[in-house]
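Everything below concerns the one structure shown next.
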Amino acid sequence: YVRMIKHFVQACLEYSDEQLRRHLDIYIWFADRLTEAKENGWIAYEYIPAEMRTSFGKLMESLDEFIVYRNSRKEVLDGFCENIGSFIIFGCGYYGRKTYYAMKKRDYRGIGFMDNSSDLQGKEMYGISIISPDKIPDIPADTGYLIANEKHAAEIQNQIITGNSRAKVLAVELEMLL
């Protein structure tokens, strides 16, 4: 059931509002099966990936709840990026790549990468150098930071703020990107 939840949530995140409504029968089929599994105790909440729990909860409430939630999260990201000239994606893993593609799709410019891994620092990702967090004090104050690491977002935010107390920071969520 966990695999089923992952596929269900991922597909719902990737489909547009219109596509989701057009395939309501598929949504209902998944929601019915997963409701039954939940009621029978076949789904253990702690086994659902943390980054999918909120979306899964909204999907189980209703499709409209999910769509409203997802769109509100995208608006947060867009609002953050509109007030920034350039930004740095902090994290070069799965979320970093997803964040990069989401920003390219939205046609935002001025992208940089930062990571705590000394193995990545100095290398390139998509032709962009990956810099060390040691450079935070040297980065212009109007640069925004998109934290692309869900597990360590709070620690990374503290790290950024320690390096530049006026930094603009947003922890990226999966719902914001797809």
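The values are calculated or read from the model by the stated rules, or taken from the named source; none is laboratory data. As the structure is a computational prediction, the values presented were derived from the model and not from experiment. Methodologically, a virtual Cβ is constructed for each residue, glycine included, from the backbone with ideal geometry; neighbour enumeration extends over all protein chains shown. Remember, those area values only see protein heavy atoms, side chains included, never the ligands or the DNA or RNA. Shrake-Rupley method; radii C 1.70, N 1.55, O 1.52, S 1.80 Å.
The table below lists the values:
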quantity	calculated
Karplus-derived 3J(HN,Hα), 6.51/-1.76/1.60, for each residue of the range 14-29, Hz, glycine and proline x	7, 7, 6, 4, 5, 4, 4, 5, 5, 10, 4, 4, 5, 4, 4, 4
Theoretical gain in end-to-end length, Asp25 to Asp78 [0.36 nm per residue, Cα-Cα removed]	16.0 nm
Estimated distance in nm for a label pair at Ile161 and Asp142, the labels positioned 7 Å out from Cα along Cα-to-Cβ	2.4
Derived scalar couplings ³J(HN,Hα) [the range 161-178; Karplus, 6.51 cos²θ - 1.76 cosθ + 1.60; whole Hz; x for Gly, Pro]	5, 5, x, 8, 5, 9, 5, 9, 10, 9, 7, 7, 10, 3, 4, 6, 9, 9
Using alpha carbons only: equivalent-ellipsoid semi-axes of the range 1-117, gyration tensor based, whole Å	31, 18, 11
Label-point separation, Glu61 to Glu14 (7 Å along Cα→Cβ), nm	2.5
Considering only the chain, percent of DSSP beta bridges that pair antiparallel, nearest 5	10
Residue order for Thr162, Thr54 - accessible surface, 1.4 angstrom probe, largest first	Thr162, Thr54
The chain, helix-only ellipticity at 222 nm - DSSP H runs n ≥ 4, -39,500 (n - 2.57), divided by all residues, nearest 500	-16500 deg cm²/dmol
The range 23-77 - Rg over Rh from alpha carbon coordinates, Kirkwood radius	1.01
Whole-Å semi-axes of the range 64-160's equivalent ellipsoid (Cα gyration tensor)	23, 15, 14
Ordering of 4-13, 29-38 by burial proxy (mean other Cβ atoms within 10 Å per residue, highest first)	4-13, 29-38
Fraction of accessible area attributable to carbon and sulfur, the chain (%, probe 1.4 Å)	49
Accessible surface ranking that places the most exposed of Arg97, Arg3 first, with a 1.4 angstrom probe	Arg3, Arg97
Per residue value of the accessible surface for the range 32-84 (all protein chains in place, 1.4 Å probe), Å²	57
FRET efficiency estimate (nearest 0.05) - Cβ-Cβ, Met125 to Ala37, R0 30 angstrom	0.20
On Cα atoms only, tilt of 50-61 relative to the major axis of the chain in degrees	40
Amide H within-cut-off set for Ser86, under 5 Å, with H built and near neighbours excluded	Gly144
